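Here, each number is a calculation from the coordinates, and none is a lab measurement. This one's a predicted model, so the numbers in the text were calculated from it and none came from an experiment. Ideal geometry is used to build each Cβ from the backbone, glycine not excepted, and the neighbour counts take in all protein chains shown.
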Amino acid sequence: MAFPHVSLLERSVRPGGTLTGLLLVATPALSVTPFDRSVIYLCAHASGEGAMGLVINRRLPKPGFEDLLEQLEIPPSPPLRRLGLCAGGPLEEGRGFVLHSSDWRGEGSMPVTGSATLTASMDVLKEIAEGGGPQDALLAMGHASWEAGQLEEEIFQHDAWLLAPASREIVFGHDHAAKWRQALASINIDPIRLTGRAGHA
């Protein structure tokens, strides 16, 4: 899942290029938007076809995982295993998406990379509540998406996002507040030195 930052940018502009499985790291250009200091895991992207991703560093305080399972009538109560909830993005905020390691797949699972899978069905929640399921998992309510060409424009013309490799520690880590800085550190960028033209830093 880790590739040099520059080669990823070059790959994205080639026909059929994809940024799927990478992190979008918000620059100061987004500081006055809801995406300020966001880290987004790209679940799907293809040049000319748009993109979809999940914000992975915005903790959602309510509902709690146990409350959500009760609403969905998923036993047992309390669950044998818990997940933290993230505010995955401004679209379909009432819909849950589970991003998880690829050691588990079920109905409705969509492989993202060789090590990450996205599931939007309740099967994975049932498995986790019973103490099983994938080794690593993150539950996001809502998602972010871009129309064809929109994300490329935000990256290359507006310097809104930096690209970073996705690591298990960043994607599934529990310290949400640290993820933005961790993602920048992974591409050797000091957040103190970021400016409004962070895409050229």
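With a cut-off of 13 Å between beta carbons, the residues surrounding residue 111 carry a summed charge of 0, where Lys and Arg count +1 and Asp and Glu -1. Using a simple spin-label model with pseudo-atoms 7 Å out from Cα toward Cβ, residue 177 and residue 153 lie 3.7 nm apart.
Shape annotation for the stretch 133-191: C-alpha extents along the principal axes are 39, 29, 17 Å, from largest to smallest. Just so you know, the averaged projected area of the alpha carbon convex hull for the stretch 105-160 sits at 5.3 nm². In the chain, Cα pairs under 8 Å separated by at least six residues give a relative contact order of 28 percent.
Between the listed residues 184, 115, 132, the Cα displaced farthest toward the positive end of the dipole of the chain, a dipole computed from Cβ unit charges relative to the Cα centre, is found at 184. Computed on the stretch 91-201, the Cα convex hull volume stands at 130 Å³ per residue. The listed peptides 83-96, 60-73, ordered by packing as a protection proxy, come out as 83-96, 60-73 (highest mean of other Cβ atoms within 10 Å first). Here the 3J(HN,Hα) profile of the stretch 124-134, calculated from phi with Karplus coefficients 6.51, -1.76 and 1.60 at θ = phi - 60°, is 5, 5, 4, 4, 5, 4, 8, x, x, x, x Hz, Gly and Pro shown as x.
The Cα center of the stretch 133-155 and the Cα center of the stretch 156-173 differ in position by 11 Å. Of the peptides 117-125, 42-50, 147-155, the ranking by mean beta-carbon count within 10 Å, highest at the top, reads 117-125, 42-50, 147-155. Taking a ≥ b ≥ c as the square roots of the eigenvalues of the alpha-carbon gyration tensor, the stretch 19-123 is classed oblate because a/c is 1.5 or more while a/b is no larger than b/c.
Would you mind pulling out the separation of the Cα centroids of the stretch 90-124 and the stretch 44-80, in Å? Taking the Cα centre of the stretch 44-80 as reference, the centre of the stretch 90-124 is 9 Å away.
Taken over the chain, the percentage of Cα pairs per 5 Å bin, counting from 0 up to the bin with the maximum distance, is 1, 8, 16, 21, 20, 15, 9, 6, 3, 1, 0.
DSSP beta bridges fully contained in the chain are about 90 percent antiparallel.
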